Amino acid sequence: MKNVAKQEVLALNGDEAAAYAAKQSDVDIVAAYPITPQTIIVEKFSEYVANGDVETEFVCTESEHSALTACLAASVTGARTFTASASAGLALMHEMLFVTSGCRAPVVMAIANRALSAPLNIHGDHSDTMAERDSGWIQIYVENAQEVYDSVIQAFRIGENASVLLPVIVGLDGFTLSHSLENVQVLSDDIVKKFVGTRQIPNVTTHEGKSVPFRLDPEKPMSMGPVAFPNYYFEFKRQQEEAMRNALNVVQQVNAEYAQLTGRSYGDGLLDLYCLEDAEIAIACLGSTAGTVKTVVDELREEGVKAGLLRIRTFRPFPVEEIAKALGKVRAVAVMDKSMSFGGNGGPVFHEVRHVLYDLPTHPHIVNYVYGLGGRDTSPDQIRNIYRDLQKIVQAKRVEALINYVGLRE
Amino acid sequence: MTQKEKSWKEISPAGVCWKSSTEFLTGDWKTYKPIRDIEKCTKCLLCVIFCPDGAIHWKPEKGDIEFDYNFCKGCGICANECPTKAIEMKL
C-alpha cells in the first residue's frame, strides 16, 4: 500500500492496544474503575498519566456508576472523554448509559466483553453489551488487537461528528482479545492527534434563540437534559434515532479515511464480508470468533465448498440495508450468538439478522447457534459442523432445529 | 396556555431548553386550588413564606397578597399553615 503513514509494530494485548489508542487520541479526561478483564486498560492508562506521557486528567472513582457519571459531566463541558469497563461494571453503569446518550455526550468506552453473574464467571461472552443494546450507544465489535487500536481511534471521530453526537462502545472479547498478545501496528502520536483532531463543538439554539456552542459553559449558561414531559420527551428520542442513522454513513467515512492513512480497513466499517460474493452458505457473527470462522472458510473453499462469512462489526446502528444486500443471495445462514435472550426464541444477533431478511422477496434459510457462553472455547471443528449443518439445510430445503447450542453437554 | 409544540427537527438536542423556565406553566399540575376567605385573612404573610413554589406574592401597591395560579401546584401547604384557616383547597 503506497502513501500510508509510517507505522511501528508493538507487541500489545487487546487491553493495551485500547489504552495505547486512548493515549494517542488527546483525551482530556479518563474516569474509570477497574474490572476483569478490562483492568489492564485502566492500569496502563494510569501509568501513562503517572509517567507524564499524557496530559489527561485521570479520575479514580468509587464505582462504575460514578466513573461514567464523571465522564458524562466532563464530556458535556466539551472535553474528550474515555473510559473502560466490562460485565458487572457495565451493568452498574446502566442508568448512566442512557443519560450519556440522551445528553448526546460522545464518550468512548472500551468494553472487554465478559459474562454476567450468577454463577460468577470472569470469561468472555457478549452478555454485558447485548444487555445494553438499546441504551443508545454505538456498538462496534472487533476481531483482533489491531482492530481494537484502530477502532478506539476511529470511535472519537464517529461519536464526535456533529451529525452523530453519540457515545461509542468498542467491544473486545474478554481474554481472547483483552489478554492475548499480538503484533499491533501503531501510528505515531502526531499522526493520530492529527487524525482525531480537537473536539469540534457544534452550535445549538437556546430558548432565547441564541446560537451557542453545545457545551456547559458558565459564561454562556444552558441546561442539558432537564425534564421533558410527555409533550416533548418523545421528540428527543426520535432525534437519537436520527443520530444513529447518520452514524451509518459516518462509520463508513471514518473507516475509508483511516484506510487511506494506514492501509487498513474493516470492510466498509459496518460489515466485514469474507468470501461472501458467491457464497451458498454463510455464518454471521461478531468479534474474535470471525478469525476462527475465516480459517474454516479458507479450508472449505479449498474443498470446493462455497462458504462465506458476514462479520457484523457495527451492531448499533444496525446496518439493515447492507446486511440484506450481503445475505440476499445466500441459500442458508447460521447466526452465531455469544449471549442469550432468555425466552426470546434465539439470541439477539439472530433476532436482528432474521428481521432484516423478512423483507427480502426470497430469503435464505436461517438458523441460530448460541455458543461460547462464559468463555467456553469454540473450535474450528465446531464451526465446520455448523457449515455441514447448513449444507444439509440447503439439501433438505428446510431448517430442522431453529436454535442450537454449540458445545453444550446435552 | 396552549402553545404550538415544536417538531423533533426544530428543537435542540439533549433536552437543551426550548423555552424559558418561566414559560413552563407548572400550575396545570394541580388538582386542588387554594381559595382565600378575605374576611379571615390577617395578612400575616406566612403563606408567602411557606409556599415552596413562590406562587403567592405580596403586592405592596395593593397592600395584599395574590395567588399566581400559573405556578401554584396545589400542594396545600399554605392552607395547612394559615393560622386563621383563611385558605381552603377547592377542586
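Hand me the list of strands (runs of 3 or more DSSP E) wholly inside chain B holding 2 or more residues that are over 30 Å from A:Arg215 (Cβ atoms), more than 14 Å from chain A (Cβ to nearest Cβ) and in contact with an Asp or Glu (Cβ under 7 Å, 6 or more places away or on another chain).
Numbers: elements: B:33-36, B:56-59, B:64-67, B:87-90.
Once the strands (runs of 3 or more DSSP E) in chain B are filtered for at least 2 residues that are over 30 Å from A:Arg215 (Cβ atoms), more than 14 Å from chain A (Cβ to nearest Cβ) and in contact with an Asp or Glu (Cβ under 7 Å, 6 or more places away or on another chain), what remains is B:56-59.
Just the residues that are out of contact with any Gly (no Cβ under 7 Å at 6 or more places or on another chain), part of a loop (DSSP other than H, G, I, E, B), at negative phi and buried (at least 18 other Cβ atoms within 10 Å of the Cβ), please, taken from segment A:73-115.
Selection gives A:Val76, A:Ala79, A:Arg80, A:Met93, A:Ala105, A:Val107.
Mind checking which pairs have a first residue in segment A:121-135 that is in contact (Cβ under 8 Å) with a residue 60 or more places away in the chain and surrounded by fewer than 22 Cβ atoms within 10 Å (Cβ to Cβ) and a second that is outside any loop (DSSP other than H, G, I, E, B) and among the basic types (Lys, Arg), Cβ under 8 Å, 6 or more apart or different chains?
What qualifies is A:Arg133/A:Arg316.
Restricting to segment A:43-69, count the residues that are of a type in the set (Phe, Trp, Tyr) and within 25 Å of A:Leu92 (Cα to Cα). Please lay out each step first, then the result.
Start the filter on segment A:43-69 by keeping residues that are of a type in the set (Phe, Trp, Tyr), which leaves A:45, A:48, A:58.
After this cut, where a residue has to be within 25 Å of A:Leu92 (Cα to Cα) as well, the list is A:45, A:58.
Of the residues in that region, 2 qualify.
Being surrounded by 12 or more Cβ atoms within 10 Å (Cβ to Cβ) and more than 30 Å from the chain's Cα centre (by Cα) is the filter here, so list the residues in segment A:179-222 that pass it.
A:Thr205, A:Thr206, A:His207, A:Val212, A:Asp217, A:Met222
Say whether the condition of being buried (at least 18 other Cβ atoms within 10 Å of the Cβ), part of a helix (DSSP H, G or I), charged (D, E, K, R) and within 22 Å of the chain's Cα centre (by Cα) is met by at least one residue in segment A:56-67.
Yes, segment A:56-67 has at least one match.
Could you tell me which numbered condition A:Val330 fails, if it satisfies all but one of (1) out of contact with any strand residue (DSSP E or B) (no Cβ under 9 Å at 6 or more places or on another chain); (2) assigned to a loop (DSSP other than H, G, I, E, B)?
The number of the failed condition is (1).
From the list A:Val293, A:Val305, exactly one residue is assigned to a helix (DSSP H, G or I), in the same structural domain as A:Lys397 (by TED's automatic domain parsing), among the hydrophobic types (A, V, I, L, M, F, W, C) and at pLDDT 95 or above. Which is it? Outline the logic, then answer.
Numbers: A:Val305 fails: assigned to a helix (DSSP H, G or I).
None of the other options fit; the residue is A:Val293.
Surrounded by fewer than 18 Cβ atoms within 10 Å (Cβ to Cβ), of a type in the set (Val, Ile, Thr) and either without any contact (Cβ under 8 Å) to a residue 40 or more places away in the chain or not assigned by TED's automatic domain parsing to the domain that holds A:Gly159 (or both): does that describe A:Thr378? Full working, then the answer.
Values: surrounded by fewer than 18 Cβ atoms within 10 Å (Cβ to Cβ): no; of a type in the set (Val, Ile, Thr): yes; either without any contact (Cβ under 8 Å) to a residue 40 or more places away in the chain or not assigned by TED's automatic domain parsing to the domain that holds A:Gly159 (or both): yes.
Taking the combined requirement at face value, the residue does not satisfy it.
Of the residues A:Pro364, A:Pro380, which is farther than 26 Å from A:Phe318 by Cβ and touching a helix residue (DSSP H, G or I) at 6+ places or on another chain (Cβ under 7 Å)?
Numbers: A:Pro364 fails: farther than 26 Å from A:Phe318 by Cβ.
A:Pro380 is the lone residue from the list that is farther than 26 Å from A:Phe318 by Cβ and touching a helix residue (DSSP H, G or I) at 6+ places or on another chain (Cβ under 7 Å).
Please find, among A:Tyr258, A:Tyr266, the residue that is touching a Phe, Trp or Tyr at 6+ places or on another chain (Cβ under 8 Å) and under 21 Å from A:Gln185 (Cα atoms). Working first, answer last.
Values: A:Tyr266 fails: touching a Phe, Trp or Tyr at 6+ places or on another chain (Cβ under 8 Å).
Just a single option satisfies the conditions, and that option is A:Tyr258.
Which ones in segment B:1-35 are surrounded by 17 or more Cβ atoms within 10 Å (Cβ to Cβ) and farther than 19 Å from B:Asn70 by Cβ?
Residues satisfying the conditions are B:Ile11, B:Ser12, B:Pro13, B:Ala14, B:Gly15, B:Val16.
Taking only pairs six or more apart or across chains, which ones have beta-carbon atoms under 8 Å, a first residue in segment A:247-260 that is over 15 Å from A:Glu322 (Cα atoms), and a second residue that is at pLDDT below 95?
A:Gln260/A:Asn3; A:Gln260/A:Val4
Taking the condition surrounded by fewer than 18 Cβ atoms within 10 Å (Cβ to Cβ), within 14 Å of another protein chain (Cβ to nearest Cβ) and closer than 23 Å to A:Ala162 by Cβ, does A:Pro226 pass? Walk me through how you get there before you give the answer.
Values: surrounded by fewer than 18 Cβ atoms within 10 Å (Cβ to Cβ): yes; within 14 Å of another protein chain (Cβ to nearest Cβ): yes; closer than 23 Å to A:Ala162 by Cβ: yes.
So A:Pro226 fits the description; yes.
Within segment A:365-375, track down each residue that is under 24 Å from A:Arg354 (Cβ atoms) and not hydroxyl-bearing (Ser, Thr, Tyr).
Within segment A:365-375, A:His365, A:Ile366, A:Val367, A:Asn368, A:Val370, A:Gly372, A:Leu373 qualify.
Quick one: count up the residues across segment A:74-87 that are under 18 Å from the mean Cα position of the chain (by Cα) and of a type in the set (Gly, Ala, Ser).
Looking only at segment A:74-87, we keep the residues that are under 18 Å from the mean Cα position of the chain (by Cα), and these are A:81-87.
After this cut, where a residue has to be of a type in the set (Gly, Ala, Ser) as well, the list is A:84-87.
Residues meeting the conditions: 4.
The values are calculated or read from the model by the stated rules, or taken from the named source; none is laboratory data. This is a predicted model, so every value here is computed, not measured. We place every Cβ from the backbone using ideal geometry, glycine too, and count neighbours over all the protein chains shown.
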